[in-house]
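The values are calculated or read from the model by the stated rules, or taken from the named source; none is laboratory data. Bear in mind the structure is a predicted one, so any value in this text is a computation, not a measurement. No Cβ is skipped: glycine too gets one built from the backbone with ideal geometry, and neighbour counts run over all protein chains shown.
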Amino acid sequence: MDIWERIPLTSNYAAAYAAKDADIDVVAAYPITPQTPVVEKVAEFIANGELNAEMIHVESEHSALSACIGASATGARTFTATSSQGLELMHEMLYIASGMRLPIVMAIAARALSAPINIWCDYSDMFATRDSSWITMIASTAQEVYDSIIQAYKVAENPEVLLPSMVVYDGFIMSHTYEPVNVAKDRAPILEYIPKNYSRPRLDPDNPITFGAIADPNWYYEFKYQQVIAMKNAYEVLSKADEEFGKRFGRSYGFVETYRIDDAETAIVTYGGLYGTVREVVDILREKGAKVGGIKIRVFRPFPHKELVDSVKNVKHLIVLDRAISFGGALEGPMAMEILTTLRLRSIDVDLYNYIVGIGQRSVTELDIINIYYHASKLIEKGVRLTESIYWGVRE
Amino acid sequence: MSGEKRLSGWKSMSIGGMILEPGNFVKRPTGDWRIFRPIINHDKCIRCLICWIACPEPAINIMDKPYRTATGKEWKFSLEVDYNFCKGCGLCVEECPVKAIDFVEEVK
């Protein structure tokens, strides 16, 4: 039984196809580069009758997510998409969506933040949502975007979780480049995996409840702790959702992906589309005899500490390529900081070399990563440990 | 942390602060926020119901209580403030066209 149709899609379109195949009920969004084609495609699906959903036109991203919150509170399966400044404008509502425990799914074409204005890819927008209690997955291929959005509904709507979820991918580098993607010919098998379920607490005139009430100092803390537990539950639920996805559809991703890691002494760690380049570089360096492998962080929240620890068990050195800056941070690469914390808390003494790359979509070529590897190798040979991030390729 | 009344914990609380029981505020008097107390002078009151409309809570109730004023006028009903919920906003005092509501500081 082949339920799949293989067609060329950008990651933006893959996100729109996933929303269609998840049979979403409501979409509210506001155009922003490079996300816009996602909702344009969704609008097209609605217009030509392939998707029976309500599209709410709004005047800003703040309103877009607000409309999604209202829709999701009624029990509707809700979708939106944004990038960069749009995500920043949603910021306040991110916390309201998660605090009200609404399983909204959002696609994000990652883009740099103003000022100066820059419409191209980096992950500053995603990292700024770090503590918003959204489940966060980062895809590396258009196929993974499609699959992750479907998995995101599975996890978000689980009664043990009920948290919103975002699926992030490179703006332009992925959002606007075509790849072959398997999409469902018919949404029935997808809906068997993510059946629609209206049993969660929701606004229903026959059974009225209140959303968004005040919680005074006697109560607020416990509601936040419920979110802590929900995010912990999401770890297990996402793991099972990915496994079941694999059994049903033949594709699964795990939390952390590794490439030629078994006998590697050094691993190059990254996320998003850059992982494809890292794998190419690993092949090139392997041919030259370097013992190097690649690691991709696919799930950012909940942070995959178990899988990360497993993947580095034989590795001595990590090169972490970060596409965002945490200005003035203990380490200025946000993912490197998570990785280092995870490992040090478990007394795993792996040297970590953090390189900042691809800011505002400054090109990161294979040659860049090869040079980064040799740069780090020299530091490793000399036994130099770094206490700061390295800003690769910045002009003086 | 060691209050006399034990509050329920995160496990038994509704998720996300949802209030699953509609109209449950009757169980939660909020009148102790009040600093000034409106007191209706039943002799002056002309039963126009402006205070009853103006009260945002609403904490002014129409009571089925006949009243005979000092000057001998007969009223079939009276207005009373429910002090369990009156927050002392003073709107009734402001709106009363005959100044029949006194606003008196709460004294413990």
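Checking segment A:360-368 against the condition returns no match, with no residue being farther than 22 Å from A:W120 by Cα and not β-branched (V, I, T).
Pick from segment A:191-200 the residues that are in contact (Cβ under 8 Å) with a residue 60 or more places away in the chain and surrounded by fewer than 21 Cβ atoms within 10 Å (Cβ to Cβ): which of them is nearest to the other protein chains (Cβ to nearest Cβ)?
It comes out as A:R200.
For segment A:343-358, a residue qualifies if it is more than 14 Å from A:I268 (Cα to Cα) and under 19 Å from the mean Cα position of the chain (by Cα), and exactly one does: A:G358. For segment B:69-92, the set of residues classified as of a type in the set (V, I, T) and more than 19 Å from B:D32 (Cβ to Cβ) consists of B:T69, B:T71, listed by residue number.
Can you tell me which residues in segment A:166-190 are assigned to a helix (DSSP H, G or I) and either among the small types (G, A, S) or not assigned by TED's automatic domain parsing to the domain that holds A:T36 (or both)?
A:A188
Does segment A:105-124 contain at least one residue that is farther than 19 Å from A:Y153 by Cα, in contact with a Leu (Cβ under 7 Å, 6 or more places away or on another chain) and more than 14 Å from chain B (Cβ to nearest Cβ)? Scanning segment A:105-124, I find at least one residue that is farther than 19 Å from A:Y153 by Cα, in contact with a Leu (Cβ under 7 Å, 6 or more places away or on another chain) and more than 14 Å from chain B (Cβ to nearest Cβ), so the answer is yes. Cβ separations smaller than 9 Å between residues 6+ apart or across chains give the following pairs from segment A:214-231 residues that are more than 7 Å from chain B (Cβ to nearest Cβ) to residues that are of a type in the set (D, E, K, R) and surrounded by fewer than 17 Cβ atoms within 10 Å (Cβ to Cβ): A:I229/A:E160; A:I229/B:K11; A:A230/A:E160. Tell me, yes or no, whether segment B:28-42 has at least one residue that is within 14 Å of another protein chain (Cβ to nearest Cβ), hydrophobic (A, V, I, L, M, F, W, C), in contact (Cβ under 8 Å) with a residue 40 or more places away in the chain and surrounded by 10 or more Cβ atoms within 10 Å (Cβ to Cβ). Yes, because at least one residue in segment B:28-42 is within 14 Å of another protein chain (Cβ to nearest Cβ), hydrophobic (A, V, I, L, M, F, W, C), in contact (Cβ under 8 Å) with a residue 40 or more places away in the chain and surrounded by 10 or more Cβ atoms within 10 Å (Cβ to Cβ). For B:V98, the criteria (1) away from chain A (no Cβ under 14 Å); (2) surrounded by 12 or more Cβ atoms within 10 Å (Cβ to Cβ); (3) of a type in the set (V, I, T) hold in every case but one, which is (2). What about A:D242, is it in contact with a Gly (Cβ under 9 Å, 6 or more places away or on another chain), part of a loop (DSSP other than H, G, I, E, B) and either away from chain B (no Cβ under 14 Å) or within 21 Å of A:G393 (Cα to Cα) (or both)? No, not satisfied. Only a single item in (1) over 14 Å from A:K154 (Cα atoms); (2) in contact with a Ser or Thr (Cβ under 8 Å, 6 or more places away or on another chain) is not met by A:K224, and it is number (2).
Please count how many residues of segment A:260-281 are touching a residue at least 60 places away in the same chain (Cβ under 8 Å) and part of a helix (DSSP H, G or I). Matching residues across segment A:260-281 total 7. A Cβ distance below 8 Å, combined with a sequence gap of six or more or placement on separate chains, defines the contacts here; from segment A:350-369, residues that are at pLDDT below 95 reach no residue that is assigned to a helix (DSSP H, G or I) and polar (S, T, N, Q). None of A:S83, A:S72 is within 14 Å of another protein chain (Cβ to nearest Cβ), in contact with a strand residue (DSSP E or B) (Cβ under 7 Å, 6 or more places away or on another chain) and not β-branched (V, I, T) except A:S72.
Of the set (1) in a helix (DSSP H, G or I); (2) on the phi > 0 side of the Ramachandran plot; (3) basic (K, R), all apply to A:K20 but (2). Checked against (1) closer than 19 Å to A:Q35 by Cα; (2) out of contact with any Lys or Arg (no Cβ under 9 Å at 6 or more places or on another chain); (3) buried (at least 17 other Cβ atoms within 10 Å of the Cβ), A:S60 meets all criteria but (3).
A:I214 meets each of the listed conditions (1) over 12 Å from the mean Cα position of the chain (by Cα); (2) β-branched (V, I, T); (3) outside any loop (DSSP other than H, G, I, E, B); (4) more than 15 Å from A:R251 (Cβ to Cβ) apart from (3). Going residue by residue through segment B:4-26, is there one that turns out to be hydroxyl-bearing (S, T, Y) and more than 10 Å from every other protein chain (Cβ to nearest Cβ)? Within segment B:4-26 (the criterion being hydroxyl-bearing (S, T, Y) and more than 10 Å from every other protein chain (Cβ to nearest Cβ)), the answer is no, since none of the residues qualifies. Against the list (1) more than 24 Å from A:V320 (Cβ to Cβ); (2) surrounded by 14 or more Cβ atoms within 10 Å (Cβ to Cβ); (3) touching a Lys or Arg at 6+ places or on another chain (Cβ under 6 Å); (4) not aliphatic (A, V, I, L, M), the condition A:Q226 fails is (3). Between A:I149, A:I117, the distinction of being surrounded by fewer than 24 Cβ atoms within 10 Å (Cβ to Cβ) and either in the same structural domain as A:I173 (by TED's automatic domain parsing) or assigned to a helix (DSSP H, G or I) (or both) belongs to A:I117 only.
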